[in-house]
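The values are calculated or read from the model by the stated rules, or taken from the named source; none is laboratory data. The structure presented is a predicted model; accordingly, all values stated were derived computationally and were not measured. Virtual Cβ from ideal backbone geometry, glycine too; neighbours counted across all protein chains shown.
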Amino acid sequence: MAQLEEDANAQKQRMERLQPLSLAGAISTDRLFEAEQMLRDRQRTITESQSNLNRALAEAQRLQVELNQKKANAEQVQLESQQQIQELEVKLTTLNSKYNETQVILEAAQAKLQQRYLYAPVSGVVLTLNVHREGEVVQPGQVIAEIAPIGRPLVLSTILPSQEAGFVKPGMPVQIKHDAYPFQEYGMIPGRITSVSPDSKPNERLGQVYQVEIELIRHHITSKGQPIQFKPGQTATGEIVTRRRRIADLLLDPLKKLQGNAGL
């Protein structure tokens with residue numbers, strides 16, 4: 001741009017020198033016109049260049065403003081994103097804290113609930129229940145209930161007077177009379193002693209007694225050609241034959257399951 005202005009000034013000075021010569025007839029009019037035309041061309045070029053320069057400068061300024069605005073927007077977005085991340089982190093920390101507190105409360109509530117209930121170790125049929133009243137106190141080691149587990153062979157549990165225990169051993173045969181099915185009509189059920197308790201316990205009627213478990217050889221009676229299965233909790237009496245004499249009509253407890261007889 002400076003070069004164009006310098007050329008224009010030089011052309012103007014030349015015109016100023018040629019005009020007196022043209023008036024004096026020292027040079028032709030065409031030469032003066034040519035010099036004037038060159039001066040106008042230089043001036044027009046300067047004007048166009050200045051205009052282009054101004055437009056370029058304005059565009060550069062606009063782009064700079066736009067760039068600055070975008071930078072500012074980007075910084076604002078980044079700042080807002082960081083703030084949102086921090087807010088989310090605070091919320092997450094709060095939620096984790098509440099979750100942990102709730103977990104502690106839940107575990108404490110479950111522990112209290114577990115203390116209020118007793119759960120049987122097996123599924124089955126309740127044979128005896130020793131606690132009947134609400135608020136009744138249970139002593140440590142006390143048997144609350146007896147359960148016959150489902151899916152196991154039936155056995156007959158009986159008590160045997162201590163004076164007879166010396167003649168009774170596992171493997172001895174037993175003839176069982178089911179209370180629900182008269183033996184005169186359905187016959188006796190064969191059985192076999194499987195165990196005799198090592199220690200005796202007191203009984204109000206019989207004094208010291210031993211616990212005897214009897215395995216049933218057959219678990220049903222036949223009525224009208226159809227088998228009827230025995231059920232846990234049914235009662236019976238039995239006869240144990242020893243070499244010394246017959247022990248008849250033993251006091252028998254309810255039928256129970258053979259294995260895993262559960263006490264709560």
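Considering only residues that are closer than 19 Å to Gln229 by Cα and either small (Gly, Ala, Ser) or assigned to a strand (DSSP E or B) (or both), which ones fall in segment 152-173?
Taking segment 152-173 and keeping what is closer than 19 Å to Gln229 by Cα, we get 152-157.
Once the filter is applied, which keeps residues that are closer than 19 Å to Gln229 by Cα and either small (Gly, Ala, Ser) or assigned to a strand (DSSP E or B) (or both), segment 152-173 yields Leu154, Val155, Leu156, Ser157.
Find all pairs meeting these conditions: Cβ atoms under 7 angstrom apart; at least six residues apart or on different chains; first residue within segment 46-62 and in contact (Cβ under 8 Å) with a residue 40 or more places away in the chain; second residue part of a helix (DSSP H, G or I) and loosely packed, with under 10 Cβ neighbours inside 10 Å.
Close Cβ pairs satisfying both conditions: none exist.
Can you tell me which residues in segment 174-201 are small (Gly, Ala, Ser), touching a strand residue (DSSP E or B) at 6+ places or on another chain (Cβ under 8 Å) and either in contact (Cβ under 8 Å) with a residue 24 or more places away in the chain or on the phi > 0 side of the Ramachandran plot (or both)?
If we filter segment 174-201 for residues that are small (Gly, Ala, Ser), which is where we start, we get 180, 187, 191, 195, 197, 200.
Remaining after also requiring touching a strand residue (DSSP E or B) at 6+ places or on another chain (Cβ under 8 Å): 187, 191, 195, 197, 200.
Gly187, Gly191, Ser195, Ser200 - these are the residues of segment 174-201 that are small (Gly, Ala, Ser), touching a strand residue (DSSP E or B) at 6+ places or on another chain (Cβ under 8 Å) and either in contact (Cβ under 8 Å) with a residue 24 or more places away in the chain or on the phi > 0 side of the Ramachandran plot (or both).
For segment 62-73, indicate whether the set of residues that are within 46 Å of the chain's Cα centre (by Cα) and either surrounded by 10 or more Cβ atoms within 10 Å (Cβ to Cβ) or in a helix (DSSP H, G or I) (or both) is non-empty. Spell out the reasoning first.
Of the residues in segment 62-73, the ones within 46 Å of the chain's Cα centre (by Cα) are 73.
In the following step, the residues that additionally are either surrounded by 10 or more Cβ atoms within 10 Å (Cβ to Cβ) or in a helix (DSSP H, G or I) (or both) were identified as 73.
Yes - at least one qualifying residue is present in segment 62-73.
Could you run through segment 112-132 and say how many residues are loosely packed, with under 10 Cβ neighbours inside 10 Å and either assigned to a helix (DSSP H, G or I) or among the aromatic types (Phe, Trp, Tyr) (or both)?
Narrowing segment 112-132 to residues loosely packed, with under 10 Cβ neighbours inside 10 Å: 112-113, 115-117, 119, 132.
Still in the running and either assigned to a helix (DSSP H, G or I) or among the aromatic types (Phe, Trp, Tyr) (or both): 112-113, 115-117, 119.
Count: 6.
Give Glu107, Glu134 a once-over and let me know the one that is farther than 20 Å from Thr237 by Cα and modelled with pLDDT under 80.
Numbers: Glu107 fails: modelled with pLDDT under 80.
Exactly one of Glu107, Glu134 is farther than 20 Å from Thr237 by Cα and modelled with pLDDT under 80, namely Glu134.
Output the residues belonging to segment 28-78 that are modelled with pLDDT of 80 or more and among the acidic types (Asp, Glu).
Glu59, Glu66, Glu75
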